[in-house]
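Okay, so here's the structure we're looking at.
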Amino acid sequence: MEWHDPPRWRDVLENPVLDNFVVQFVELFNARDWEAISELFAPDAVSGLFDGRSREEVISSMIDLVSRVPTLLLTRGDVGSEPIAAAWLIDEMGNYEQAGYFTFGLTDDHEEPLLESVDYVEEVPDPEGVVLELPDRADREEWISYLPLDLDDVQASA
């Protein structure tokens, strides 16, 4: 399976507003800044994966997910013309493994849009129609510093 680097991304985005939200979501999720992430979501946001029917439930479920899978990292990507957040896991050798992706929906408020939905697609996307930013190995140690546990502790508990 071949993953593409960001320079091959399309020159024209179909939905630049949603793309900006996805970029912010990825950065804030990796920093585990739940308060800032909550500001991206509408009060009545929903999520199938997180079983949430409100912004608070969605954020609470994200925190629970990260507590169960602390090596989860996101990067920016596209499936067709849809911006996504690609999910990656760090394995015991410090390598990244692609593990599905998140999709998002926006409210119809054109003056102040917010995320109204976030869902997880477990399948790894078909490489023919996908462009993913690869995790930057140079940022690995910084990203691991966000984890509540040492990677050795995570591996020992697996």
Is there any pair linking a residue in the range 14-43 that is closer than 14 Å to THR75 by Cβ and assigned to a helix (DSSP H, G or I) to one that is modelled with pLDDT under 95 and polar (S, T, N, Q), with Cβ under 8 Å and at least six apart or on different chains, and which?
-> VAL26/THR75
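If I go through the range 12-46 residue by residue, how many of them are at positive phi and touching a Ser or Thr at 6+ places or on another chain (Cβ under 9 Å)? Give the derivation first.
Taking the range 12-46 first, the residues at positive phi are 32.
Filter again for touching a Ser or Thr at 6+ places or on another chain (Cβ under 9 Å), leaving none.
Here the count works out to 0.
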Taking GLU116 as meeting all but one of (1) part of a loop (DSSP other than H, G, I, E, B); (2) touching a strand residue (DSSP E or B) at 6+ places or on another chain (Cβ under 7 Å); (3) surrounded by 13 or more Cβ atoms within 10 Å (Cβ to Cβ), write down the number of the exception.
-> (1)
Which condition number in (1) surrounded by fewer than 20 Cβ atoms within 10 Å (Cβ to Cβ); (2) within 22 Å of ARG137 (Cβ to Cβ) is the one that LEU73 fails?
-> (1)
Looking at the range 44-93, which of its residues are closer than 29 Å to GLU14 by Cβ, among the hydroxyl-bearing types (Ser, Thr, Tyr) and touching a residue at least 40 places away in the same chain (Cβ under 8 Å)?
-> SER47, THR75, SER81
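Looking only at the range 47-58, which residues are at pLDDT 90 or above and surrounded by fewer than 20 Cβ atoms within 10 Å (Cβ to Cβ)? I'd like the intermediate steps shown before the answer.
Let us first name the residues in the range 47-58 that are at pLDDT 90 or above, namely 54-58.
If the condition is that a residue be at pLDDT 90 or above and surrounded by fewer than 20 Cβ atoms within 10 Å (Cβ to Cβ), then SER54, GLU56, GLU57 are the ones that fit.
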For the range 69-91, state whether one or more residues are outside any loop (DSSP other than H, G, I, E, B), on the phi < 0 side of the Ramachandran plot, of a type outside the set (Val, Ile, Thr) and modelled with pLDDT under 85.
-> no
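In the range 36-50, what count of residues is obtained for those that are small (Gly, Ala, Ser) and more than 13 Å from SER60 (Cβ to Cβ)? If you could, list the steps in order and put the result at the bottom.
Let us first name the residues in the range 36-50 that are small (Gly, Ala, Ser), namely 36, 38, 42, 45, 47-48.
Pick out the ones that are also more than 13 Å from SER60 (Cβ to Cβ) and you get 36, 42, 48.
So the answer is 3.
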Report, by residue number, each residue of the range 81-94 that is farther than 15 Å from VAL124 by Cβ and either of a type in the set (Phe, Trp, Tyr) or out of contact with any Asp or Glu (no Cβ under 7 Å at 6 or more places or on another chain) (or both).
-> GLU82, ILE90, GLU92, MET93, GLY94
Select from the range 32-82 the residues that are within 28 Å of MET93 (Cα to Cα), touching a helix residue (DSSP H, G or I) at 6+ places or on another chain (Cβ under 9 Å) and of a type in the set (Ser, Thr, Tyr) and list them in ascending order.
-> THR71, THR75
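The values are calculated or read from the model by the stated rules, or taken from the named source; none is laboratory data. A quick note: this is a predicted structure, and the numbers were derived from the prediction, not measured. In this analysis, Cβ positions are derived from the backbone assuming ideal geometry, glycine residues included, and neighbour counts consider all displayed protein chains.
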